[in-house]
Every structure is written in C-alpha cells, then in structure tokens.
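Single-structure report; data block below.
All of the numbers you see were taken from the coordinates with simple rules; none came from a lab. The model shown is predicted, which means the values in this text are computed figures rather than measured ones. Every residue, glycine among them, receives a Cβ derived from its backbone with ideal geometry; neighbour counts consider all protein chains shown.
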Amino acid sequence: MKKVLILGSTGSIGINTLNVLRNFPEKFKVAALTVNTRIDLLEPQIEEFHPDVVVVKDEKLASELKNRIGNKCKVLAGNNGLIEIAAVLDYDIFVGAMVGFSGLAPALEAIKRGKVIALANKETLVVAGELVTGLCKKHNAKLIPIDSEHSAIFQCLEGEKIDQVEKLILTASGGPFLEKNKEALANVTVKEALNHPKWKMGNKITIDSASMMNKGLEIIEARWLFNITKDKIDVVIHPQSVIHSLVQFVDGSIKAQLGLPDMKLPIQYALTYPERLQNNFDRISLPQIGSLTFLNPDFDKFECLKLAYDVLDSGGTAPCILNAANEVAVDKFLNGSIKFSRIPNLITKALEKIENHKEPDVETIFECDKQTREYVLALS
Ligand code: MG
C-alpha cells in the first residue's frame, strides 16, 4: 500500500489524482491533502479518502474547517503547514499539483527525503531546475512527470539512452488563438482566452496555453527533467492533441505516445510507474480521429514562446524572473488591468530590469521571485 500526499487536491490535477486513486483502493492510501482556500471542496474529500492530515493555506479558513470537521482529521495552516507535512509526514509519493512558484518549497522537502515526486507543478523545475535535479540526484529522489507532454517523453524514453536522443518534440495544441493574427491577438478578451479548445484546466494554465507560455515553461521543464540542451527541444503545433509528444533518436526513428486529452492517464502512470495497471478510462478510436495534422509554431505571434527559449540561454535566475513576471502578468490580465499582448511586454521589462544571478541557491531564487513580483506588480 503506497501512501500519497496531494498538494493542491481541489485543482484539476488534484481532483483527477483522486479520480485515479478511487479505482485502486487496495494499492493507495491518501496520507494528506492540501488546498489554498476551497474548504467546501476539501470537506467531501476528507469524508471519502480519510487523510491523516490536511493543510489549508489560508489561516482563517483553516480554523473554520477545524470547527466544521472536529477531530475527523488534523488541520494545519499556511505555508509552514505545507512544508511541515512534506518534511515529517509518513508517505511514499508526493504529488505536486499546486499552481505556480509556491509548489517549490514543499517539493524541496520531499526531495531531501528521497521520495517519489509525481510532478505536475512545472514551475518547480522552471524556477529551480538545476537545483532541484541536483538535489534529486544527491538524495536519490525520483522525479516522474505528470505534465502530459513530459509523461509522453518519459514513456518514449523507457528502455532508451538519453545520449541517443536527437530531439525531443513537444506537441502543442496551439490554444484558442491559433487562427488569429498578431493584431487580433492583442485585443482578445479574458473569456476568449479561457476557452481552451482541447483541455479543461485551471485559469492560470489556460491563459498560459493561450499565450503559449505554457509550452515555453514546458521547454524549460524538459531541459531539466531529461537533462538535455535546448537545441534538442522542438515544438510542433498539433491541434488534435492526440500525440502528447515524441522522441526522435539518432538513427532517425521517432517514438510517440498517444492518448485522449485526459490527465488521468499521465497521473496514473506517474503513480504506478514502472507498472501499468488496467483501468476503465475511455479508449481512443483512431478511425474516429481520422487524421492528425502538424505545423510550425509562430514565434513572432507567440512572443512568450520565444522568451522561454531565450531565458534558457541566459540561465541563472532568468527562468525564475520569466516565471514570476508571467504569474503577475497573467493575474493582471485575468483581473482586467492589462491587455493580453501586454503579458510578454511585462516579462521582457522584468528580464531587462532584474539582475540575473548565476548558479542560484534556494535563498537567491526566493529573493529573485519576490523582487520580480514587486517590480511587475507596480507596472501597468
Ligand atoms: Mg502540458
């Protein structure tokens, strides 16, 4: 029986993780669940999965939940609660399903204990890829990607050697604005940007998909996860989202992983790796899909994608600056204070303004994140 800790249990990855676990009650037990604020959704999860402890990031809502559920399970609060459970609780698999930079600190605690890290929170690798992969090596922690593209590549690389890889090819759906030109893209509404054609996800990642920053973050994620240089990472637009990514080897052979656009599949693989377990999820029908199409990404239109490639050249804290600036810019777009086309502008300004530190330690990364946020928050 594997004990699973889920950080971010009421987001789309967290809910899908519980959907997977529900099928295998004899194999997994939920050790802990955490949420930012959504205690109304957490309460039924506590009833069903009986975690030993839950963490609510918002301190006031944590006490409210305590009053509601009595002694059904232990309730902790705040960032300290997140770090505490990652650092001391008894568990086997850490599922990092939180959004954004805040996933980093608890993930570092799990890594230091040599746990299996099933990682959906790509920002952890974007802001601290070198540090995180170095610590994983040192403490013998295993990183298994949940992000569908990286899960696809991880599966294609099983039984292969990374030095025989010519190229990793990340697929991208192209998001809701694939057909729009650059001028039209500047004035899209929040509602249009949140209307993703293929994947149902949280707001932050849906906006990132519309700007293609999501693919940019995934390039950086792939660079660290598979220890491969950026010249060997390509992006191809594949609107059907059936092929989740591909690996091309030195002999020209290409392996691909296909599936329905459903996160339950990569989540289950991360939880059961290296085994595959039978499930009753929907199956793909190739004749029904008919044809698959591919096209090159437009770097001029999707400036965020180009910025992500650029920060890999800069190295150091540049990816951390890119990520922090993007998180603040996306918030500003969502609350209506900036236009969509302003997102890459704010990121560029931050990259010009904030100092890049080479080979950063944890403190430097946290400081850089904070400094970038304050800077971009003050911009309009
Ligand atoms: Mg993805």
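Model label points for ASN19 and ASN296, set 7 angstrom from Cα along the Cα-to-Cβ axis, are 3.7 nm apart.
Expressed in nm to one decimal, what extension gain is obtained for the pair LYS198 and HIS50 from 0.36 nm per residue of sequence separation less their Cα-Cα distance? Don't skip to the end; give the middle numbers.
Working: separation 148, 0.36 × 148 = 53.28 nm, distance 3.31 nm.
This chain segment gains 50.0 nm when fully extended.
Taking every alpha-carbon pair within the chain, the share separated by more than 34 Å comes to 25 percent. Under 14 Å from a label point 7 Å along Cα→Cβ of LYS137: give me every residue in segment 220-250 with its amide N that close. Zone members listed by number: 224-229.
Using per-residue counts of other Cβ atoms within 10 Å, averaged over each peptide, order 137-143, 207-213 from highest down.
Working: 137-143: 14.3, 207-213: 26.7.
Order by mean packing, descending: 207-213, 137-143.
Calculated [222 nm] ellipticity per residue, helices only, for the chain: -14000 deg cm²/dmol; basis is -39500 (n - 2.57) per DSSP H run with n ≥ 4, divided by all residues, nearest 500. This ranking places THR293, THR17, THR272, THR37 by how few other beta-carbon atoms lie within 10 Å of each, fewest first, which gives THR293, THR37, THR272, THR17.
Looking only at segment 68-92, which residues have a backbone nitrogen under 15 Å from a spot 7 Å from the Cα of GLU43 in the C-beta direction? It comes to 68-73, nothing else.
At an R0 of 41 angstrom, the distance between the Cβ atoms of ASP313 and GLU183 translates into a FRET efficiency of 0.90.
Given a Förster radius of 51 Å and the C-beta distance between LYS191 and SER253 as r, what FRET efficiency does 1/(1 + (r/R0)^6) yield to the nearest 0.05? Spell out each step's value before the answer.
Values: r = 44 Å, r/R0 = 0.85.
Computed FRET efficiency for LYS191 and SER253 comes out at 0.70.
How do CYS304, CYS73 rank when sorted from fewest to most other Cβ atoms within 10 Å of their own Cβ?
Numbers: CYS304 23, CYS73 17.
Least crowded to most crowded, the residues run CYS73, CYS304.
Coupling constants for segment 235-240 follow from the phi torsions by the Karplus curve (6.51 cos²θ - 1.76 cosθ + 1.60, θ = phi - 60°), and in residue order they are 10, 10, 7, 9, x, 6 Hz; glycine and proline get x.
Comparing SER12, SER63, SER173 in a Gaussian network model of the chain, where Cα atoms under 10 Å apart are tied by springs, the biggest mean-square fluctuation is seen for SER63. Less than 16 Å apart at the alpha-carbon level, and either on another chain or at least 8 residues along: which lysines does that give for LYS3? The reachable lysines, counting only those whose Cα sits under 16 Å from LYS3, are LYS27, LYS29, LYS115, LYS142. Evaluating 6.51 cos²θ - 1.76 cosθ + 1.60 at θ = phi - 60° for every residue in segment 19-30, the Karplus couplings come out as 4, 5, 4, 4, 6, 10, x, 7, 9, 10, 10, 7 Hz, glycine and proline recorded as x.
Grab the eigenvalues of the alpha-carbon gyration tensor for segment 171-287, scale each by 5, take roots, and send me the semi-axes largest first in whole angstrom.
Ellipsoid half-lengths, sorted descending, are 26, 20, 14 Å.
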